[in-house]
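Some notes on the structure that comes next.
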Amino acid sequence: MLRFLLLLAALAALAGFATRPGVDDAETAMREQVLLAVANQELRGKSTAEQAALLACRLDPTSCYDLIRSGIDITFEARLVYARVDLEGFGKSATCYGLFTRFFCPGGLRDA
């Protein structure tokens, strides 16, 4: 039984290593999340400047993402079976972990 559990743990570690997301995967995941957040923002209750910025972002998402991305610092660390990504910018920070081709951000965004 112990051998079976050790073999299972070794296979899980090997699968984690083989499917650990890379830097490009982290950038892609961040881009998706930023664009999704912009698309889901309500215009109601925002100032005129905020409404204009949201509309501009919706009209040209690529330029909007490039502008937002320039204000975010990313630190990527490839660990043995997972990746760690630290994000900081615009007064917020997050720590995310990549494992089995997905990223998870326990705690989400918090004030920096």
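The values are calculated or read from the model by the stated rules, or taken from the named source; none is laboratory data. These numbers come from a predicted model, not from an experiment. Please note: Cβ atoms are built from the backbone with ideal geometry, for glycine as well, and neighbour counts cover all protein chains shown.
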How many residues are more than 15 Å from the chain's Cα centre (by Cα) and outside any loop (DSSP other than H, G, I, E, B) if we restrict to segment 29-45? 2
Residues that are surrounded by 15 or more Cβ atoms within 10 Å (Cβ to Cβ), touching a residue at least 12 places away in the same chain (Cβ under 8 Å) and within 30 Å of ALA12 (Cα to Cα): does segment 58-66 have at least one? no
Tell me the strands (runs of 3 or more DSSP E) entirely within segment 46-112 that contain at least 3 residues that are at pLDDT 90 or above, in contact with a strand residue (DSSP E or B) (Cβ under 7 Å, 6 or more places away or on another chain) and hydroxyl-bearing (Ser, Thr, Tyr). 92-99
Of the residues in segment 1-34, those that are surrounded by fewer than 11 Cβ atoms within 10 Å (Cβ to Cβ) and hydrophobic (A, V, I, L, M, F, W, C) come to MET1, LEU2, PHE4, LEU5, LEU6, LEU7, LEU8, ALA9, ALA10, LEU11, ALA18
I'd like to check something: does segment 72-83 contain any residue that is under 14 Å from ARG31 (Cα atoms) and loosely packed, with under 13 Cβ neighbours inside 10 Å? yes
Spot the failing condition for ALA18; the list is (1) touching a strand residue (DSSP E or B) at 6+ places or on another chain (Cβ under 7 Å); (2) among the small types (Gly, Ala, Ser); (3) modelled with pLDDT under 85, and only one is missed. (1)
Which of the residues belonging to segment 84-112 are exposed (fewer than 13 other Cβ atoms within 10 Å of the Cβ) and more than 14 Å from the chain's Cα centre (by Cα)? PHE90, GLY91, ASP111, ALA112
